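Structure, as structure tokens:
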Amino acid sequence: MTIYSQKDLKLMQYNILSDILKEFPINNLNTNKFGLSNLSLSGTKTDVSGFFRLFINDHEVSSTYTQSASYSWMNLPLDFIDYIEVYRGNSSFALGSDAGVFFIRIYTKKPSKENGTQVTGTIASHGTNSQSVTHTDMFQSGWSYLTYFNNTKEHDKRTYKNNTLQNDAQRRYFYLNIQKDKTNINFGYTDLEKDNYMGLAVDANSDSGMIESKDYFFDFTHKFLDDKSLKFNFAYDINEIHNEEKDSSGLEVLPVIVLTGPPTATMPKEYYQNIKLKKYSGLVSKTFSTQNNNFVIGTTFQNKKYITKQNTVVNFITGISSDVGQFTAFDEETISSLFVQDDYKFNDKFLLIGNAKLDKFKRNGGLDDFTSEHYRVGAIYTPFEKFGLKSFYTKTSLAPTFYNIDYADITNKNNQNMKNQEYKYYSIESVYADEKSRFSIFYTNVKIENFIYYAPIGFISIDDHTIKTQNWIFDYTYELTSKHKLQLNYYTTKQSESFTNSNKGGYLKFMGEFEKFDYFTSLIYKNGYSYKTVSVKNSYNLNLGATYNFSKNFSMSLKGENLLNKSTKSLYKEGLFIGTPFALEDYQRKVTLAMKWVF
Amino acid sequence: MKIFILLLTIFSCAFSQQYVFLVKEYDKEIELEAKIISNIALSSTSEKIKLFIPKITKQEQKIYSQYFNLANDCKSANFIFNNKGLLSDNCETEGKLFFTNNYKRLIKNSKYYGAFFWNKSRPNIVFIKQRLRENNVKLSAQYTKYIEDIDE
């Protein structure tokens, strides 16, 4: 587990979540064909990543459609965030979340510790700007609340074959957290309106198009009994997505393309989509604690509904407009789960942890119902005060999403019963830490059965061989003084498949403060790679920043990102189905000026 | 409103000490709070302190017991720290000192003579001059700058 404290966020000037994800070991933060930030596992490239889960105050904000945190949440502003926890491998099942391999848990500032108002404004290169207001208060009764508003306008573009790919976006966020002792209520909202970048255009440059999304959630948690050991949670999520796109070379909307004739006969040149997803979820759990043992048992329930409001295509040849309705009959999924968790402390040096979860899936649209099992066992052993070992084995499975089924293999439309992706994830971490330094070596060995791969003809389940990856992460932190910290990180990935993304990387970070100044520098390295005819060079992302604190309540910050202009590059393709691959930069050089006022 | 900021070395800009694994629940804030309440209580009365925290959690119990003798109810305590807003109205004020973690509660309820609370992520202490007098509390010199005079 890695923790980004409020102090790290402040000194390193991590303004939005993707600032952190850029340096994330054994991952690559890419820009997908819709111009959205997307996380891919080291060595691989995905347009939609369903393997990691994003939480705000223990509420999962991944899209119900794709299980990915794309759209707005990946760019979540961090000025109302207290700290961030990152888990590799599965984390505790006690939150009743969907299965995953990476977990990012974000926690907002505690309203009872703030009792004030914060105004933040940023202005950056290319006209990008952002304004935020955070207000917190605590009442005499003990109830406290935090409200947060943000408006961000981003200006971004790339050039491909002398054409400009526009990637301008406007994002808005609203967050409300109300809490008192045993009760925690969260309401989150974000919307996005943006250019569609390459979109689905066969020539990777749509003539026109836009993407709109709105995400809302309400989450209520109450803990009963004096020891708060009985927990009740209810949550309701809505995702709304609206896409529209036109391109004279045609749009690769795979679900409507029929291969019994020439693809152009069924390929659209215009596409209008309007969908809504609703999710209800509930959890009840009870914890039984003794001096050396904690046992949690609980049950969760989730109901997901996928509503297609509009799915209109205009045919490439005939120009006839038709509403194709739902891509498949699969539009509802209900998951009932039972989980247990136990951690037993043999003594101060040895802790054993075990988790098990049973999910029962009921799906409509002629898809099979099934049961999936998840296990996680591990031990934490600290034989010496300064040295410890931690090891976990996780067996988990990721069920196909609505998106996987919609975009399933178009050559086999009669069988949409895609298998679950089965992950076996083993990790071991050794750590040496003293007062000033911490050195850790982290090793993971991952085996994936039935990997769902986005082939040129849609999602296919690779069930004839096992995908294997091994990762090593080396991390060293040294406190030069009580106010200056240096951090070095290096990772490398080996995998059974050919690389379609960077597989080695690392960073060097320095942060500190002197009198009224805070400052940092970081160099993030990702290695180059070759794929077919495309060769991508090493990326060196140099960042520098400083803050001047005029008073305890007012500060100005200046930050330069990607100063060497050597961004990572992502793979894309031009042409129908297999197409010709090419690579484009994920981000531009950027300078940001920020102001923070607290009152 | 005049609030003096308590500058605490523990919350100064120093990085926290490196850790091997974060296994234990993070309890640094409660430890800090317990130390401060202990100093204030010792400075407020010469009697032996019996502390009562309404609806005390196990974690608080573990940490506060290092600094105080803990009372199981309001009746047997002489120092009450209401840090959750859950103090029963039946708790008699006679012979007891009441402290809180909520500035608004301090201002509106005259039984509290002081508060330790957070503002803009910074810890603060405030004592009310008149209520110190009413409770016969004579604070040591280090706390003089945290005393406010309000109209009641």
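The values are calculated or read from the model by the stated rules, or taken from the named source; none is laboratory data. Source: prediction; values computed, not measured. Every residue, glycine as well, gets a Cβ built from its backbone with ideal geometry; the counts of neighbours run over all protein chains shown.
Where residues in segment A:129-148 are away from chain B (no Cβ under 14 Å) and surrounded by fewer than 18 Cβ atoms within 10 Å (Cβ to Cβ), which of them is farthest from A:GLN13 (Cα to Cα)? That would be A:VAL133.
Out of the residues in segment B:50-62 meeting the condition of being outside any loop (DSSP other than H, G, I, E, B) and modelled with pLDDT under 90, tell me which one is surrounded by the most Cβ atoms within 10 Å (Cβ to Cβ).
Taking the candidates together, the pick is B:GLU60.
Do the conditions hold for A:HIS126, that is, is it more than 25 Å from the chain's Cα centre (by Cα) and either closer than 30 Å to B:LYS55 by Cβ or not basic (Lys, Arg) (or both)? It is true that A:HIS126 is more than 25 Å from the chain's Cα centre (by Cα) and either closer than 30 Å to B:LYS55 by Cβ or not basic (Lys, Arg) (or both).
Note on segment A:537-581: among residues that are aromatic (Phe, Trp, Tyr), part of a strand (DSSP E or B) and surrounded by fewer than 17 Cβ atoms within 10 Å (Cβ to Cβ), the one that is nearest to the other protein chains (Cβ to nearest Cβ) is A:PHE554.
Quick check on segment A:149-171. Is at least one of its residues out of contact with any Cys (no Cβ under 9 Å at 6 or more places or on another chain), in a helix (DSSP H, G or I), surrounded by fewer than 16 Cβ atoms within 10 Å (Cβ to Cβ) and at pLDDT below 95? Checking segment A:149-171: not a single residue is out of contact with any Cys (no Cβ under 9 Å at 6 or more places or on another chain), in a helix (DSSP H, G or I), surrounded by fewer than 16 Cβ atoms within 10 Å (Cβ to Cβ) and at pLDDT below 95. Scanning segment A:440-484 for residues that are surrounded by fewer than 17 Cβ atoms within 10 Å (Cβ to Cβ) and touching a residue at least 60 places away in the same chain (Cβ under 8 Å) yields A:TYR454, A:PRO456. Residues that are assigned to a loop (DSSP other than H, G, I, E, B) and under 30 Å from A:ALA455 (Cβ atoms): does segment A:511-529 have at least one? Yes; the residues of segment A:511-529 include at least one that is assigned to a loop (DSSP other than H, G, I, E, B) and under 30 Å from A:ALA455 (Cβ atoms). I'd like to know if segment A:389-410 contains one or more residues that are more than 26 Å from A:THR493 (Cβ to Cβ) and within 14 Å of chain B (Cβ to nearest Cβ). No, segment A:389-410 contains no residue that is more than 26 Å from A:THR493 (Cβ to Cβ) and within 14 Å of chain B (Cβ to nearest Cβ). Checking each residue in segment B:63-73 for being touching a helix residue (DSSP H, G or I) at 6+ places or on another chain (Cβ under 8 Å) and either free of Cβ contacts under 8 Å to residues at least 12 places away in the same chain or not in a loop (DSSP other than H, G, I, E, B) (or both) picks out B:ILE63, B:TYR64, B:LEU70. Against the conditions (1) under 20 Å from A:THR444 (Cβ atoms); (2) more than 10 Å from the chain's Cα centre (by Cα); (3) assigned to a strand (DSSP E or B), A:ARG53 satisfies every one except (2). Checked against (1) surrounded by fewer than 17 Cβ atoms within 10 Å (Cβ to Cβ); (2) of a type outside the set (Gly, Ala, Ser); (3) within 14 Å of another protein chain (Cβ to nearest Cβ), A:ILE123 passes all but condition (3). Where strands (runs of 3 or more DSSP E) fall wholly inside segment A:235-342, the ranges with 3 or more residues that are of a type outside the set (D, E, K, R) and crowded, with 17+ Cβ neighbours inside 10 Å are A:268-289, A:293-315.
Reported count of residues in segment B:74-100, each being of a type outside the set (Phe, Trp, Tyr), away from chain A (no Cβ under 14 Å) and in contact (Cβ under 8 Å) with a residue 12 or more places away in the chain, is 13.
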